[in-house]
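Undergrad: One structure follows; several queries about it will come next.
Laboratory data are not the source of any read-out in this text; all were calculated from the coordinates shown. Since the model is a prediction, treat every value here as computed from it, not as a measurement. In this analysis, Cβ positions are derived from the backbone assuming ideal geometry, glycine residues included, and neighbour counts consider all displayed protein chains.
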Amino acid sequence: MATDQITIRRAVNGDESAMRALWSAHAPRIDAVVRRLVGDPDQAADIAQEVWIQIFRALPSWRGDSQFSTWAHRIAVNRTLNALRSLRRVQFAEVEIEEGSATTNEDPDRSFVAESIDEAVRQLAPGARAVFVLHDVEGYTHEEIATELGITTGGSKSQLFKARAKLRRLLAHLVDVPTPAKDLDDVASLN
Amino acid sequence: MMSHLSTDRLAALVDETPSAAEALHLSACASCTAEVASHRRLVRLAAQAATRTDAPLSSFDALVPRLRAEELSVEPAARRRRMVMWGSRIAAGLTLLVGGTAIGRVSAGAPLLPKGDEAPIVAELPKIAQPATFRNTNDAMQVLSASQQQYQEAAAFLAAQDTTSHFIGLNQTSFQARLAALDQMAAATRAALYQAPQDPVLNQYYLSALGARAATLKQMGAVMPANRQLVSY
Ligand SMILES: [Zn+2]
């Protein structure tokens with residue numbers, strides 16, 4: 001969305017209505033990435049507030065040479081990862097993702113019926129979730145992720161593949177490609 | 001035929017090229033091929049999630065107390081008060097600039113000081129600090145306040161001393177030229193204020209331009225024939 005430069009100038013000058021307009025236009029997208037990276041909805045809400053304060057603090061440094069949404073998005077990712085580090089002492093190191101290592105107090109069966117990829121992503125361990133969201137959702141390269149998380153590109157790839165493998169299982173109902181045998185089952189179930 | 005591909009490799013092949021051996025296996029193994037396809041679907045779903053937006057996690061109103069506490073934003077009512085404050089306090093400081101020009105032109109037509117009096121009138125006025133000496137905004141405000149008072153006193157003095165010959169040498173055309181210039185100045189500063197409503201310098205210029213414009217209209221009314229009226233400019 002092209003954001004009116006005048007709105008940003010007004011917001012820089014402390015105009016609350018301009019700040020509100022910026023927030024209204026961009027919060028749905030900014031908050032969505034925060035939610036995905038954080039997982040826990042309550043924590044995500046707190047961190048989203050921090051993100052927005054940070055965006056408004058940094059607003060005078062926005063030079064208009066990039067899309068405001070892109071610029072704000074980077075701040076959101078960066079701030080969220082920092083918050084995760086300090087809140088949970090999350091280390092995005094190259095650790096093996098163990099089955100069931102994700103903290104979830106949901107009914108274990110729920111993951112299999114989850115219709116939203118966000119719900120499945122929430123079940124990943126924080127480090128794997130960050131890599132998956134940054135790479136497969138946000139389009140970051142492994143080099144960028146390595147820099148952002150302080151890990152190696154090899155570590156980023158390794159976490160990504162493990163995250164994909166787990167999500168592939170959690171979201172089987174959404175991503176399964178019918179095999180010939182399954183096709184027969186499908187036909188049978190239709191009859 | 002090699003054994004099935006590892007889960008890592010199946011996931012990697014979404015965006016990596018299979019080795020010759022992997023390609024050979026995939027060409028013959030429906031199960032691994034289906035697994036790679038499932039991972040592709042997963043990654044497509046993830047990419048679609050990027051453009052999806054949800055209801056915000058919080059509200060802007062929840063941010064407002066912090067924004068105000070950090071002085072990142074200004075409460076609308078306080079903002080209006082501040083604008084009025086700027087207006088009343090500031091008008092003079094730079095009205096000196098605009099108004100001063102007018103007075104200069106007036107006094108050129110009708111010298112108000114006795115000839116031979118070499119003491120400039122400013123010398124008798126309280127000293128005004130130079131910009132470089134401002135230590136803080138209070139300092140600057142006090143100077144503006146003093147300037148305003150001086151300007152008003154000077155204007156009152158001039159009005160008292162001379163009520164008839166003020167505008168000798170200034171005809172309607174020169175008034176109109178001045179009005180046109182002031183209109184441009186007011187429009188330019190008004191446009192700039194829209195982007196930087198709290199900029200004190202812009203506020204000063206804007207208010208000064210408006211003040212000088214009003215004064216000029218009055219003066220024009222005074223020198224124009226009574227049967228001609230200024231409707232607008
Ligand atoms: Zn196979």
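Undergrad: Restricting to the range B:1-15, and then to whatever is within 17 Å of residue A:177 (Cβ to Cβ) and of a type in the set (A, V, I, L, M, F, W, C), can you tell me which residue is nearest to the ligand (Cβ to nearest atom)?
TA: In this case the residue turns out to be B:5.
Undergrad: From the set of residues in the range B:29-44 that are part of a helix (DSSP H, G or I) and of a type in the set (A, V, I, L, M, F, W, C), which is nearest to the ligand (Cβ to nearest atom)?
TA: Only one residue fits best here, namely B:32.
Undergrad: Every residue in the range B:45-62 that is more than 7 Å from chain A (Cβ to nearest Cβ), part of a helix (DSSP H, G or I) and not acidic (Asp, Glu), please.
TA: Selection gives B:48, B:51.
Undergrad: Let me ask something else. Regarding the range B:16-28, can at least one residue be identified that is within 16 Å of the ligand (Cβ to nearest atom), touching a residue at least 24 places away in the same chain (Cβ under 8 Å) and not aliphatic (A, V, I, L, M)?
TA: yes
Undergrad: I need a count of the residues in the range B:1-29 that are at the interface with another protein chain (Cβ under 7 Å from one of its Cβ atoms) and in contact with a Pro (Cβ under 7 Å, 6 or more places away or on another chain).
TA: Qualifying residue count for the region: 0.
Undergrad: Looking at the range A:42-65, can you tell me whether even one residue there is touching a residue at least 40 places away in the same chain (Cβ under 8 Å), over 21 Å from the mean Cα position of the chain (by Cα) and outside any helix (DSSP H, G or I)?
TA: yes
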